[in-house]
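The values are calculated or read from the model by the stated rules, or taken from the named source; none is laboratory data. In this text the structure is predicted, and so the values were computed from the model without any measurement. As a convention, Cβ positions derive from the backbone with ideal geometry for all residues, glycine included, and neighbour counts pool all protein chains shown. The area values use the complete protein model at the heavy-atom level, side chains included, leaving out ligands, DNA and RNA. Shrake-Rupley method; radii C 1.70, N 1.55, O 1.52, S 1.80 Å.
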Amino acid sequence: DVEILYECLDHDKDGKISVNDRAWNSLISKNVYFGGYRAEIDPEGKKVVFCEVGNEKQSVIVNNDEWQTKIDVIDFATSRFGTVYAVGGSTTYNKKLFVNDKEWFYTLDPKIKDDKDFKASVRDAFVGKDGTVAATVTTWDHNDIEANILIGDKNGSKDKWKSKLHIVRDIIVNDENGSVAVFGKMLPQTNKQMCLIIDDVVYKIESNPKELECFKFENDKVVIQYVDALGEKVTEKISL
């Protein structure tokens, strides 16, 4: 078993892209270069994922096989532990999540489906080792913006957090037990306090960092690292 590395990507004199010195025919005539290869490596799942740019309907290519699903503008396509997923859509208001070449289905409040001013769009997603899928779905309802956290499996959502967020900066899943953590801002929209939410429980971060340099699960703790107002690097470990 050879570990797949970025150095394995190359192209020959005819412009064909090769991985581990084997040309991928699925990439012929497809533009997968945008300031660098739009490629993601999943060494644990032994997957190489390319995503296309430029075409009206864009393709995801995994291990030299092309998805049947075509996406209007792919925001990103990646893989974790062999589960390939992508987010994209034609406009800000209709982006969707696709997992293993199928659309990921979710439901929100059924009472608002008939409201013509209501829009919903997947903004981000993260897949855990055990198959847990966590997604951020942003809704616009008469200019009110809300970021919803939905949890499910590879097919679709099964649960929605009660926490009401305005912005989600990042979302992660614990590969050991399926816990989910989010870094973002709570509603109302005027709120300026950033917070950490773990399994729908809110933890305030006293220094109120705008961005995190490190955000990960480590055993049963969430590790965050950021630069505080004095320019010093701070590392915190939050117990669940």
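Rg to Rh ratio, the range 70-224, alpha-carbon atoms and Kirkwood radius?
So for the range 70-224, dividing Rg by the Kirkwood Rh gives 0.95.
Determine the gain in length on full extension of the stretch GLN68-GLN225; use 0.36 nm per residue of separation and subtract their C-alpha separation, reporting nm with one decimal.
So the extension gain works out to 52.5 nm.
Hey, what did the range 142-189 get for relative contact order, percent, Cα under 8 Å, at least 6 apart?
Working: 69 pairs, mean separation 15.4, N = 48.
Result for the range 142-189 is 32 percent.
Counting Lys and Arg as +1 and Asp and Glu as -1, each charge on the Cβ, what is the dipole of the chain about the Cα centre in debye, to the nearest 20?
So the dipole magnitude of the chain works out to roughly 600 debye.
Loop only per DSSP, at most 10 neighbouring Cβ atoms within 10 Å: give me the GluC sites (Glu not before Pro) in the range 146-216, ordered by residue number.
Working: sites: GLU146, GLU176, GLU206, GLU211, GLU213; in loops: GLU176, GLU206, GLU211, GLU213.
Listed in order of number, the matching sites are GLU206.
So what J values fall out for the range 188-196 if you push phi through Karplus, 6.51 cos²θ - 1.76 cosθ + 1.60 with θ = phi - 60°, rounded to Hz, Gly and Pro as x?
Rounded to whole hertz, the list is x, 4, 7, 5, 10, 8, 7, 8, 10.
Mind running the shape call on the range 90-182? Use the C-alpha gyration tensor, a ≥ b ≥ c as the square roots of the eigenvalues: rounded below 1.5 for a/c, prolate if a/b tops b/c, oblate otherwise.
Prolate.
Probe 1.4 Å, all protein chains in place: accessible area of ASP72 in Å², nearest 10?
About 50 Å², rounded to the nearest 10.
Can you give the accessible area per residue of the range 76-191, in Å², using a 1.4 Å probe?
47 Å²
In terms of the Cα gyration tensor, with a ≥ b ≥ c the square roots of its eigenvalues, is the range 33-137 rounded because a/c is under 1.5, prolate because a/b exceeds b/c, or oblate?
On the way: a/c = 2.47, a/b = 1.47, b/c = 1.68.
Oblate shape, in that a/c is at least 1.5 and b/c is the bigger or equal ratio.
Given 10 Å bins starting at zero, what is the percent of C-alpha pairs of the range 58-105 in each, up to the one with the largest pair distance?
Answer for the range 58-105: a P(r) of 28, 59, 12, 0 percent.
Expressed as a whole percent, how much of the Cα-Cα distance distribution for the range 133-194 exceeds 20 Å?
Roughly 27 percent, once rounded to a whole number.
Find how much the distance from TYR203 to ASN94 grows on full extension, using 0.36 nm per residue of separation minus their present alpha carbon separation; answer in nm with one decimal.
Contour length minus the Cα-Cα distance gives 36.2 nm.
Summarise the accessible area of the chain (1.4 Å probe, protein heavy atoms) by the percent that is carbon and sulfur. Present the calculation step by step, with values, prior to reporting the outcome.
Working: 6010 of 13290 Å².
It is 45 percent, rounded to a whole number.
Would you please give the residues with an amide H less than 5 Å from that of LEU165, counting only those at least 5 places away or on a separate chain, with H modeled from the backbone geometry?
ALA147, LEU187
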